[in-house]
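The values are calculated or read from the model by the stated rules, or taken from the named source; none is laboratory data. Treat the numbers as computed from the prediction; the structure is a model and nothing was measured. Here the Cβ is made from the backbone with ideal geometry for all residues, glycine too, and neighbour counts use every protein chain on show. These accessible areas exclude ligands, DNA and RNA; they are computed on the full protein's heavy atoms, side chains included. Shrake-Rupley method; radii C 1.70, N 1.55, O 1.52, S 1.80 Å.
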Amino acid sequence: MKEPKIIEYDALVIGAGIAGGETALNLANTGYKVLLVEKDHSLGGKMILLSKVFPTLDCAACITTPKVSEIARHKNITVFTESEVTNISKESANNFVAQITKKPRYVHVDDCTACQLCEQACPVSVQDEYQYGLIGRKAAYIPFSIANPKAAVIDIENCTLCGACERVCPTQCIDFTMETEYYELHTKTVVLATGFTLFDPIEIPRYGYGRYKNVITSMQMEREIAPTRPYNTILRPGDGKVPDRIAYVLCAGSRDNTVGNPNCSQICCMYSIKQAQLLMGALPMADITIYYINIRSFGKGFEEFYQQAKSMGVEFVKGKIGEITEKDNGDLILRYEDINEGVVKEAEHDMAVLSVGVRSNPTIGKIFNNGALKFDPLNFVAQEDLMGSPSKTSIKGVFVAGTATGPMDIPDSILSAGSAASEAISYLTQHQEV
Amino acid sequence: MKVEARKTAKYLRDKQGVPEKAKEELKEYNRIKKAITGALKDEELTIAQLSEKLQMPKPEVTYYLLSLVKYGIVAIGEIDDMDEYYSYKLVK
Ligand SMILES: Cc1cc2nc3c(=O)[nH]c(=O)nc-3n(C[C@H](O)[C@H](O)[C@H](O)COP(=O)(O)OP(=O)(O)OC[C@H]3O[C@@H](n4cnc5c(N)ncnc54)[C@H](O)[C@@H]3O)c2cc1C
Ligand code: SF4
């Protein structure tokens, strides 16, 4: 391993989703120098991949794109993509030492014009993770059209090193000699904004996810209805049919002890209602049915949003799905307990969307020395003073923002980022060197 | 060591070789691409028709065919009378 380069910033923010991005902006606007470390190829986290947002139905990209470009252009923010913090030790109140690994992108971002000629030349095709496996992408590729930085990436694991991409690149920005870089960061405060992971419905075999291609996740449906969607319209992945009868299965992987998650994920009722409304717009003749246990429409404007979906014709069935089976033609039979009537029923649909829940992201668990960072029983970052200072963690000077603490929607993630930034600023002010 | 621009892939290939998995996947993709484009040479087909002609499961045809649409190799044709299934044709 090469000697790390020594770097210094006032604050380290880990994770560049909406929470980390907002925290970085708040700190930077106050004059602090921020290093924003993101493991992925783009800023924006999950929000940048959404279609529209509940309950306003504003376009997610229209909100996220200006925000991420403000972050990327801010003179007080340095962004490291493809990077991970491998270790943090607290040497004194205002000296945290972090080891950072920055993987090679094999593209000099500043020189790339995103012309996509490398994409066209690349002979490889693998599953596109930004379209959640619904379609392929090349090994030389732009992650998605509104990615920031908007520059090519080489997927080195799937690359056959044929060199076609670099031969066509007009700016010669593709460079396979790039290597992993190591940094040792000295910083005065740290904000964790590593977000959440989605429940993997493979864990519930009776839903048939993985086996039946017309059972998809809500994130896959989110991609199907987004402006940067994989297909020309809504199609079912099993045979390309334009679906007519779409079912939503709420609480998939939430409020379910059998998969180790007794908690409500807080966002799935509302995002499912949002998707149902968008689907009714895209496919006016389609029947959309939402199978639910309870509808949790607790936030501002949520109940009205729910009532609006009902008045548009979305059908709500208080029912618990027992099993999904597939017919020869790819249609699905949903067997469910009708909770109101107390009887088991069956219904046929073209497609089923599993409204998957929020899980913790365990990646930051091991980076702090001596296990000093505490977690709650579901492995979200523990909040030391939930009622008084919700962004404080078990380590003084380390704060937490957004869904790294538990499920929440975008407005709450932004509020939480504001709180983490102001706690961090207060810490920086208190521990100024004189 | 300074490597000439546009020859850096060769540098890495010489240094660490090409992963077997990447080679295998490329072979598989080329085989399926050839089969699909071959089947669409003379006629516009739906996914079900392609699946039958190529003896390939419909989900697999769907995934590869729609990837070829994305790459600009295949174009979307007409939708059937029931507004359910599109047909697909080669981009000439
Ligand atoms: C299908 C679906 C639809 C939704 N629709 C809506 C909606 O309409 N309205 C709404 O308000 N909310 C919606 N949400 C919720 C919304 O997505 C979240 O509230 C929001 O994305 C949380 O932002 P975050 O920054 O906390 O987390 P994330 O978006 O998860 O961002 C975390 C970031 O940290 C990075 N990261 C993770 N680990 C590391 C590491 N170790 N090192 C460096 N970087 C790391 C990740 O790559 C990511 O970029 C939806 C969610 C889903 C799943
Ligand atoms: S070198 Fe890799 S990325 Fe470039 S064209 Fe060949 S396979 Fe694609």
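The calculated FRET efficiency for residue A:344 paired with residue B:37, based on their beta-carbon distance and R0 = 51 Å, is about 0.60.
In this simple spin-label model, placing a label point 7 Å from the Cα along the Cα-to-Cβ direction at both residue A:415 and residue A:29 gives a separation of 1.8 nm. How far is the Cα center of the range A:41-97 from the Cα center of the range A:110-142, in Å? Between the Cα centre of the range A:41-97 and that of the range A:110-142, the gap is 22 Å. Averaged over its residues, the range B:9-90 has an accessible area of 57 Å² per residue, based on protein heavy atoms and a 1.4 Å probe. Counting only protein chain heavy atoms and rolling a 1.4 Å probe, the accessible areas of A:223, A:229, B:31 rank, largest first, as B:31, A:229, A:223.
Quick one: buried accessible area between A and B, total over both chains, 1.4 angstrom probe, nearest 100 Å²?
The summed interface area works out to 3200 Å².
For chain A, the longest principal axis of the C-alpha atoms and the axis of helix A:302-312 are separated by about 40°. 3J(HN,Hα) along the range A:192-205: 8, 9, 7, x, 10, 10, 9, 4, 8, x, 4, 5, 10, x Hz, from the Karplus curve 6.51 cos²θ - 1.76 cosθ + 1.60 with θ = phi - 60°, whole Hz, x for Gly and Pro. For the range A:176-220, a reduction of at least 50 Å² in accessible area between the chain on its own and the assembled protein chains (probe 1.4 Å) is found at A:176, A:177. The trypsin sites (Lys or Arg not before Pro) of the range A:317-365 meeting both criteria, a DSSP state outside H, G, I, E and B (loop) and at most 15 other C-beta atoms within 10 angstrom of the site's C-beta, are A:327.
Listed by chain and number, the lysines placed with their C-alpha closer than 24 angstrom to that of residue B:41 are A:138, A:241, B:27, B:33, B:53, B:58, B:70, B:89, B:92; residues fewer than eight positions away on the same chain are left out.
For residue A:316, nonlocal amide neighbours, meaning residues 5 or more places apart or on other chains whose placed amide H falls under 5 Å from its own, are A:290. Once the GluC sites (Glu not before Pro) in DSSP loops with at most 13 neighbouring Cβ atoms within 10 Å are cut out of chain A, the longest remaining piece is A:180-340. Across the range A:180-290, the mean sequence separation of Cα contacts (distance under 8 Å, 6 or more residues apart), normalised by length, yields a relative contact order of 22 percent. Between residue A:387 and residue A:228, full extension at 0.36 nm per residue minus the direct alpha carbon distance yields a gain of 53.3 nm.
Roughly how many Å is it from the Cα centre of the range A:191-209 to that of the range A:315-382, as a whole number? Here the two parts' Cα centres lie 8 Å apart.
Entry note, chain A: relative contact order of 19 percent, from Cα contacts under 8 Å with a spacing of 6+ residues. Listed by chain and number, the lysines whose C-alpha is less than 28 Å from the C-alpha of residue A:75, apart from same-chain residues fewer than 8 away, are A:5, A:33, A:39, A:46, A:67, A:90, A:102, A:103, A:150, A:188, A:392, A:396. Each residue of the range A:271-282 was assigned a 3J(HN,Hα) from its phi angle through the Karplus expression (A = 6.51, B = -1.76, C = 1.60, θ = phi - 60°), giving 5, 5, 5, 4, 4, 4, 5, 5, 5, 5, x, 6 Hz with x at Gly and Pro. When the solvent-accessible area of the protein assembly as shown is split by element, carbon and sulfur atoms take up 50 percent of it, the probe being 1.4 Å.
Here is the list for chain B: GluC sites (Glu not before Pro) lying in DSSP coil, each with at most 12 other C-beta atoms within 10 angstrom of its C-beta, are B:4, B:43. The solvent-accessible area of residue A:115, taken with every protein chain present and a 1.4 Å probe, is close to 60 Å².
Across all directions, the shadow cast by the convex hull of the range B:9-90 built on its C-alpha atoms averages 6.6 square nanometres.
Round to the nearest 0.05 the FRET efficiency obtained for residue B:44 and residue A:329 when R0 = 30 Å and r is the Cβ-Cβ distance. Intermediate results must be reported in sequence, preceding the final value.
On the way: r = 22 Å, r/R0 = 0.73.
Result of the calculation: an efficiency of 0.85.
Give me the 1.4 Å probe accessible area per residue for chain A, excluding ligands and nucleic acids, in Å². With all protein chains present, chain A gives 41 Å² per residue.
The label point for residue A:379 and the one for residue B:30, both projected 7 Å from the Cα toward the Cβ, are 4.1 nm apart. Antiparallel beta bridges, as assigned by DSSP with both residues in the protein assembly as shown, represent about 55 percent of the total such bridges.
Compute the Cα gyration tensor for the range A:199-358, then decide on rounded, prolate or oblate, letting a ≥ b ≥ c be the square roots of its eigenvalues: rounded whenever a/c is under 1.5, prolate when a/b is larger than b/c in the other cases, and oblate in all that remain.
On the way: a/c = 1.31, a/b = 1.05, b/c = 1.24.
Judged from the Cα gyration tensor, the range A:199-358 comes out rounded (a/c under 1.5).
Averaged over the residues of peptide B:51-60, the number of Cβ atoms from other protein chains lying within 10 Å of each residue's Cβ is 2.
Under 18 Å of direct C-alpha separation, and excluding same-chain neighbours fewer than eight residues apart, residue A:274 reaches these aspartates and glutamates: A:58, A:222, A:224, A:244, A:287, A:303, A:304, A:315, A:409, A:412.
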